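Okay, so here's the structure we're looking at.
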Amino acid sequence: MVPRLYVPSLDACSRTVTLPEDEAVHLRRVLRVKAGQAVRLFDGRGGEVDARVISADRAGVVVGIGEPVESALEWPVRVTLAQAVLKGDKIDDVIRDAVMMGVAAIQPLLTARTEVPEAAFSRGRRVDRWQRIAVASAKQCGRAVVPHVLPPCSLQACLGAGLQGAAFMLVEPAAAIPGKGSWPQADIPSSATLLVGPEGGWAEDEVALALEAGCFTLTLGSRTLRADAAAIVALSVMQYVWGLGNRG
């Protein structure tokens, strides 16, 4: 496969571009790509072009820019995944897979039952790592759009910022509101937010807060899923019900 490289400064009207240092090092040391080899460049905002390496040495990698190409189609619904931070590195996998599914943004949440201290995010290193995971996932799956991973915030702050479009909270079956527990099929919104809780689930006051903000409560059936699997299953249902994989 032709290597795909993330170049945020890409200008399709230019004739050449010097790769960012991390991509240049990866190209030379890992992929061992040499001058003359074909690559593809994308800017993370939807633009992608064919390209060819002009020079690759310790001074940097210069690439000649070719014609624009079509990248993977984006979902017509802008979906934000608001995922509670999970223990260990589990959220890394959630971010990776959510990007491959097609989300537009990821909002990590600090909830009542989150088992990761807020101080762990004070220097922003985790957020930087999560953004790198999003970039790597976009490169692998063929997307030319890199979803933005936002700094962690509380559920109250997330809801208080104003939810754009439809909002859905995954809850245990007993917490679902009758008449509001089925996935909507008729009216497909232009944007949506999916809220997924931590290993211990949502606290009762968090569910009440979400309902007050206009969220629908939804379930994935009677089985207990791992916290790091719930979001991907829900996004898959959303893609199927709304036909997102067939729309551009």
If you go through Arg223, Arg247, the only one that is modelled with pLDDT under 90 and farther than 25 Å from Lys90 by Cα is Arg247
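Residues are listed down the side, and each one gets a yes or a no for (1) surrounded by fewer than 17 Cβ atoms within 10 Å (Cβ to Cβ); (2) acidic (Asp, Glu); (3) assigned by TED's automatic domain parsing to the domain that holds Trp202:
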{"site": "Glu21", "(1), (2), (3)": "yes, yes, no"}
{"site": "Arg29", "(1), (2), (3)": "yes, no, no"}
{"site": "Gln37", "(1), (2), (3)": "yes, no, no"}
{"site": "Glu48", "(1), (2), (3)": "no, yes, no"}
{"site": "Gly60", "(1), (2), (3)": "yes, no, no"}
{"site": "Val63", "(1), (2), (3)": "no, no, no"}
{"site": "Val85", "(1), (2), (3)": "no, no, yes"}
{"site": "Gly88", "(1), (2), (3)": "yes, no, yes"}
Residue check, Leu41 among the hydrophobic types (A, V, I, L, M, F, W, C) and either outside any loop (DSSP other than H, G, I, E, B) or at pLDDT 95 or above (or both):
yes
All but one of (1) crowded, with 20+ Cβ neighbours inside 10 Å; (2) touching a residue at least 60 places away in the same chain (Cβ under 8 Å) hold for Glu199; which doesn't?
(1)
When (1) at pLDDT 95 or above; (2) assigned to a loop (DSSP other than H, G, I, E, B) are applied to Ile232, the one that fails is (2)
Could you please let me know if Asp11 is under 19 Å from Arg143 (Cα atoms), modelled with pLDDT of 95 or more, surrounded by 12 or more Cβ atoms within 10 Å (Cβ to Cβ) and out of contact with any helix residue (DSSP H, G or I) (no Cβ under 6 Å at 6 or more places or on another chain)?
no
Out of Val127, Val33, Val94, which single residue is farther than 22 Å from Trp202 by Cβ and either in the same structural domain as Ser9 (by TED's automatic domain parsing) or modelled with pLDDT of 95 or more (or both)?
Val33
Which residues, counting only those in region 199-223, are among the aliphatic types (A, V, I, L, M), within 14 Å of Leu170 (Cβ to Cβ) and outside any loop (DSSP other than H, G, I, E, B)?
Val207, Ala210, Leu211, Leu218
Within region 44-79, how many residues turn out to be among the small types (Gly, Ala, Ser), modelled with pLDDT of 90 or more and under 30 Å from Gly165 (Cα atoms)?
3
Evaluate region 207-218: report whether one residue or more is modelled with pLDDT of 80 or more and among the acidic types (Asp, Glu).
yes
Give the residue, chosen from Leu163, Leu73, that is under 18 Å from Leu194 (Cβ atoms) and not charged (D, E, K, R).
Leu163
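The values are calculated or read from the model by the stated rules, or taken from the named source; none is laboratory data. Because the structure is a prediction, the values reported are computed rather than measured. Because the Cβ atoms are built from the backbone with ideal geometry, glycine has one as well, and the counts that use them run over all protein chains shown.
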